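All of the numbers you see were taken from the coordinates with simple rules; none came from a lab. Just so it is clear, the structure is predicted and the values come from calculations on it, not from any experiment. Here Cβ is always computed from backbone atoms with ideal geometry, including for glycine, and neighbour counts include all displayed protein chains.
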């Protein structure tokens with residue numbers, strides 16, 4: 001996982017946790033606000049109804065009282081109206097049914113809305129006429145709660161999308177110099193060089209980029225010196241200067257094995273393979289690949305190849321095989337009048 005993606009995930013997780021906490025706080029606040037509002041509305045309604053019903057109770061007109069209740073609360077936010085006489089006997093009770101609210105079925109099971117209930121005694125001077133009870137309709141409370149949840153949820157979702165895009169852009173902007181440094185190091189390991197890295201605007205990365213640019217310059221100079229040295233040695237020795245090879249033995253792969261040992265204690269220092277028939281630029285890619293794979297599978301550290309093999313048109317496709325051979329060495333045998341041109345970086 002890249003650093004930019006890791007930062008994106010961490011920031012989004014923190015934002016999601018904060019959004020969830022904010023969402024829960026918003027639900028709690030809205031829920032309590034709805035209950036308080038319903039309680040205030042019921043208090044106002046029961047006061048008005050008590051004043052109206054006072055005259056009907058004095059005249060013992062139950063029909064008129066029920067008519068007044070139906071006119072005031074039918075289809076409203078009151079779920080039921082109950083009127084008891086001073087002895088606790090029920091004078092009348094009316095329940096109101098409202099249309100189905102546009103809320104999901106799981107909302108009442110997840111968020112509880114306790115019923116809002118208010119009571120008031122109806123009096124005439126010191127005389128108690130009865131007790132009036134109003135119960136609020138919880139369907140209206142859930143409808144207002146669901147509307148608030150929907151608005152808050154959509155706002156948080158939109159904020160999450162916008163924040164994700166902003167975070168991704170900012171992380172890519174901040175970490176682009178590190179990506180360039182990483183790519184430059186990969187190219188340096190593959191001996192492919194491009195131009196110097198631009199100086200980043202982050203102060204902490206300026207010294208890093210300066211060190212990388214200096215390292216690339218030094219590496220270019222070392223490789224140039226090696227090429228000049230190889231060219232000089234090739235001109236001094238000649239193209240066909242035969243040198244007798246010592247210490248050759250036959251290996252199981254059909255190649256000669258040459259070992260270099262120390263003069264003190266016969267300690268093996270280095271070993272390399274020499275193909276019986278060295279590959280050339282006319283050899284097929286399969287033959288060269290089989291030769292390299294056979295060498296990589298053995299314990300010999302090096303293999304001697306003609307320097308002209310670098311001019312093979314398919315030499316670049318063997319880079320993946322050679323990259324897996326850590327600790328291995330290609331011993332180039334000079335057979336050219338000059339060093340092959342250095343491949344351009346892609």
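Quick look at the numbers
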quantity: At R0 = 45 Å, FRET efficiency that the Cβ-Cβ distance of residue 180 and residue 36 yields, to 0.05; calculated: 0.15
quantity: Extended-chain gain in nm, criterion 0.36 nm per residue less alpha-carbon gap, residue 72 and residue 87; calculated: 2.8 nm
quantity: Distance in nm between pseudo-label sites at residue 173 and residue 20 (7 Å out along the Cβ direction from Cα); calculated: 3.0
quantity: Cα shape, region 28-169, gyration tensor, a/c 1.5 rule; calculated: prolate
quantity: Residue 314-residue 204 FRET efficiency (beta carbon distance; Förster radius 41 Å; 0.05 resolution); calculated: 0.40
quantity: Residue 328/residue 164 FRET efficiency (R0 35 Å; Cβ-Cβ; nearest 0.05); calculated: 0.15
quantity: Two-site label geometry, residue 282 and residue 12: point separation in nm, points 7 Å out along Cα→Cβ; calculated: 5.9
